[in-house]
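Inspection log for the structure reproduced underneath, given as C-alpha cells.
The values are calculated or read from the model by the stated rules, or taken from the named source; none is laboratory data. Note that the coordinates shown come from a computational prediction; the quantities given were computed from them, not determined experimentally. All Cβ positions, even for glycine, are placed from backbone atoms using ideal geometry, and neighbour counts span all protein chains on display. Surface areas here come from the heavy atoms of the whole protein model, side chains and all, with no ligands, DNA or RNA. Shrake-Rupley method; radii C 1.70, N 1.55, O 1.52, S 1.80 Å.
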Amino acid sequence: MRSKTSRGERTERTERTEREGAPSIIRARGLTKRYGDVLAVDHLNLDVRPGEVFGLLGPNGAGKTTTILMLLGLSEPTDGHAEVAGFDPTRDPLEVKRRVGYMPDDVGFYGNLTGRQNLRYTARLNGIDPRAVEARLGDLLAQVGLADVADRAVETYSRGMRQRLGLADALVKEPAVVVLDEPTTAIDPAGVAEVLDLIGSIARDRGAAVLLSSHLLHQVQQVCDRVAIFVGGRVVAQGTMRRLAEQMGGDTLQLEVGIDGPAAELEPALRAVDGVTDVARDAHDPRLWRVTGARSVQGRLAAALAGRGIAVWHLRRIGDDLDEIYMRYFAKEGAGDDRAA
Amino acid sequence: MTAQPDAIETPGTAGEADAPGTAAETGITRRAGRRRAGRGPGDGPMQRSSWRGGGWQVVADKEFGDHVLSIRLFILIVLLGLAAVAAVYSTTTYVRDNAQQAVGSTGLFVLLFSASSPTSQIPPFTTLVALLGPLLGIAFGFDAVNGERAERTLPRLVAQPIHRDDVINGKFAAGLAAIALVLVAITVLVSGFAFFELGIVPGPDDIARVATWVVATVIYVGFWLAFAMLCSVVLRRAATSALAAISVWLVLTLFASLLTGIVADALSPVPANATLDQQVANAQLQLDLSRISPGELYSEVTAYVLDPTVQSVGIILPQQQPATPSILPFEQSLLLAWPQGVALIGLTVVCFGAAYVVFMRQEVRA
Ligand SMILES: Nc1ncnc2c1ncn2[C@@H]1O[C@H](COP(=O)(O)OP(=O)(O)O)[C@@H](O)[C@H]1O
Ligand SMILES: [Mg+2]
C-alpha cells in the first residue's frame, strides 16, 4: 500500500512558520457546520499566517470542502466565526472574496471559451480591466505550463490542464490568501511536482497565505509548512511535521532499513544495536526491516551495522512521515474515538 | 489577538440555520454590516481600485456574447425569419386588396403584421410569433444555471467578488437582450419588406403600435425565459429542464382552452336550455380563467395594440357589434391593453422572482 521506493530523507521543513508573533490572515474559532444530523465541521480552530502553506489533510468526507466554503462566505457556519484577510466572511463576503483566490475541488471552465478568455472573465468579475493585466495573464498561463494551449477552447483541455488553469485562475486577482481544494487530484505525477513547486512559490515569492486541502498526503506533505489532520469534522492534530512526529512518537521512532543477508544473522545484529527495542521483517519486501527504538538509534544504526560488515543500502525514518502519522491517527480515530478536543 | 468583530450574528432559528443557501452568500441581508476602516493584512498591495458593484453587467456581457455567437441564436433567427417571410408573403395580396379601400388610413402597415389572407393556410405573423416566441425564451434560459453546474463553473463564479444575485440577474438581462435582438431583427425584416416590396411607409401611429408590440413580445418571451431559468435552477440536468419547459409551453398552447372550458363548465354549467345569461356567464368565466395564461394575455395585448378597430376582446354579442368599426387612436388602444400588459409583466416578475429565490437559497455545491 505504501510506496516502497525510498523517498530519501525528507528535507526538514524550515521553521520559518514558527513565527508565532505574526498575525494570522485566516482565523477560525469554534467554526461549526451542521447538515441535519451530520456534523460536517466540529468546532474548528485554525490559524494560517501570511507566507505559509497550510495543509488541511483528511480523508473524503472529513469536512475540508465545507470548511473552505465557510471561510469564503459561500456557506454560513452553524456556529463559531472566522476571519479571513481581516474580514468576517459571513458579514463581508465580498471583501473576503476580493482578497481570496479560490480553486474549487473539480474545477470547471467555460468550454466554449479559451483558457485565456476564461481568465479574462475572472479578471473582469474582480473589477480588473483585462487589458491592464493581459501581460500578467500570459505570465500566469506560462507559469502553469499552459502557454501553448492558452488560445484553445477549454473543452479540448484534459482534466489536469483544467486544474492547472484553475491555479492560474485563483491567482488572477493577486490574492493575499489562496485557497486550493484538492489541487493535485487530477494531475499526473510529473505535473504534481511542478504544481507543488508553484504552490510553494505562491507563498514564498508573493507572500500569500496558502490553504490547501488534500486527501493525498504523500503528495502534498513536502509543500506544507504546517498541517492539520482533519477527521470526521475535527482536527485531531495540528502543527509542523516535526511537532506532529514528536507528539506522535514520543521518544521512540521507527526506521525502515534495507540490508541484505540471511535473516538469522541480520536480526540479532539489528537487536544488538544500542537502544533498539523491536525488530520485524517488512511484510511485503523481505529485504526491508522495521526497527523500533530510541531516537538515538537513527544516528547509530548505520555505523553499528557497518562495524559488523553489513552494508545499509536504505535507511528511512518512518516515524514522522505524514502518511504514517495519518494512518496512526486514523487507527486511533477508528479504535478509540476519544480524541475529542 | 485582533479585536473580535463587534457582533457575531449567529443564525437565528434552527430552521434558518439549516437552510442551505445563506444570507452570507447573498450579501443582501447583511450588506449593512460595515467594516471598520484600514485593518488587516489583506489591505496590502493586493488592494485594487475602488471598483464596486456592476457585477451583473459583467455577467450579462459575457452571457450576451455567448448568446450572440451561439448556434441556437442562429437557428432561432432562421426559424423566425422563415415564419416571417412566409406569413408576410401570403399576407401581401390581402394587404394589397385592402390598400384599395383604405388608402391614407392608418393601420395598413400594421395589417402586415397582424392580418392574414383569408384564403391562406399560413397564420398571420403575430400568431406565428406568439406560437414560436416561447421557444425563443426557453432556448436562452433552460441551461442558465444547471449549465454552470454541469460545467462546474458555479463555485468559481460565486467565489468572485460579486453578489450572488448578480449571477442570475446578469443572465436574465443577457437573455432579454438576446430576445430583443432577435425580435427587433425580425421586425426590421418585415418592415423592410413592407417598405421595399409594397411601398408602404409607416406613419407615426404605425411605428408606435409596432414598437409597443415588440416591447410586449419581449416581455411575453421574457416570461418564458424566466420560466426556463426557474427550470434550470430547480432541475439539475439541462435536457430535463428543456423538456419540462417545452412541455409546459405545449400544454398551455394546446390544452389551455380545453382545460379552461372544462373548469368553466363545472363551475358555471350551461344546461341544454340555457338562458343567454348563463351562456355569457360561462364564456366570461372561461375568458377569466384563460387569462391566467401568459399566452392569452399576450394575444389580447397584441389584438389591442396592432388592430386599431379592436375595442374589446371580451364577450361581444352580435347586437353589440357596431356596423362599421371605428378606428381608435394609438393612445386609446394602449389604454385598453394596459391591464393585460401589467398582468403580463406581473407574471414575468413572479416567475423570475421564483427562480431568483430558489437560486439564492441553493447550496453552491451540486
Ligand atoms: N449539502 C450537504 N447536505 C448534507 N450533508 C453534506 C452536504 N455537504 C456536505 N455534507 C456532508 O458533510 C461532510 C463533509 O463533507 P466535505 O466537506 O465535502 O468533505 P471533504 O471535502 O473533506 O471530502 C460529509 O459527511 C458530507 O456528506
Ligand atoms: Mg472535498
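One table, with the values for the structure above:
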read-out: 10 Å Cβ neighbours from other chains, averaged over peptide A:60-72; value: 2
read-out: Cα pair count fraction exceeding 19 Å, expressed as % - the stretch B:195-317; value: 64
read-out: Rounded accessible area of B:R96 (nearest 10 Å², 1.4 Å probe); value: 130
read-out: Radius 14 Å from Cβ of B:V110, net charge of other residues (Lys, Arg +1; Asp, Glu -1); value: -2
read-out: Shielding score for A:98-107, defined as the mean number of other chain Cβ atoms within 10 Å; value: 5
read-out: Order by protection proxy (mean Cβ within 10 Å, highest first), peptides B:143-154, B:190-201, B:337-348; value: B:143-154, B:337-348, B:190-201
read-out: Whole-number D in µm² s⁻¹ for the stretch A:100-167, Kirkwood Cα-pair radius fed into Stokes-Einstein, 4 °C, 1.567 mPa s; value: 109
read-out: Amide proton proximity set for A:Q254, modelled H, under 5 Å, gap of 5+; value: A:I318, A:G319
read-out: Reciprocal mean inverse distance between Cα atoms of the stretch A:156-218 - Kirkwood radius, Å; value: 12.0
read-out: Alpha-carbon Rg with Dmax, taken over the stretch B:115-205, Å; value: 19.5, 60
read-out: Most to least packed among A:285-298, B:213-226 [average Cβ atoms within 10 Å]; value: B:213-226, A:285-298
read-out: Computed over the stretch B:230-291, Cα set: Rg, Dmax in Å; value: 17.0, 53
read-out: Within-11-Å neighbourhood charge of A:A168 [Cβ basis; K, R +1; D, E -1]; value: +2
read-out: Cβ crowding within 10 Å averaged over residues, with B:274-283, A:41-50 ranked highest first; value: A:41-50, B:274-283
read-out: Per-selection metrics, the stretch A:52-199 (Cα): Rg and Dmax in Å; value: 15.5, 47
read-out: For the stretch B:256-312, the spread of Cα positions along each principal axis, largest first, Å; value: 38, 22, 12
read-out: Rounded to whole Å, sorted largest first: equivalent-ellipsoid semi-axes of the stretch B:177-251, Cα gyration tensor; value: 34, 12, 10
read-out: Charge sum, other residues only, whose C-beta stays under 14 Å from B:S333's C-beta, Lys/Arg counted +1 and Asp/Glu -1; value: -4
read-out: Crossing angle, helix A:189-206 versus chain A [Cα axis fit, 0-90 degrees, rounded to tens]; value: 70
read-out: Shape box of the stretch A:194-310 [Cα atoms, principal axes, largest first, Å]; value: 53, 31, 26
read-out: Using alpha-carbon coordinates, inclination of helix A:322-335 to the longest axis of chain A, degrees; value: 90
read-out: Shielding of A:31-43 by partner chains, average beta-carbon count, 10 Å; value: 1
read-out: Greater than 20 Å apart at Cα, pairs in A:K173/B:K171; A:K64/A:K97; A:K33/A:K173; value: A:K173/B:K171; A:K33/A:K173
read-out: Area accessible to solvent at A:M161, 1.4 Å probe radius, in Å²; value: 40
read-out: 3J(HN,Hα) from dihedral phi, the stretch A:74-88, Karplus parametrisation 6.51/-1.76/1.60, rounded to Hz, x for glycine, proline; value: 8, 8, 8, x, 6, 7, x, 8, 9, 9, 10, 6, x, 10, 7
read-out: Debye log10 I(q)/I(0) at q = 0.08, 0.14 Å⁻¹ for chain A, Cα point scatterers; value: -0.45, -1.11
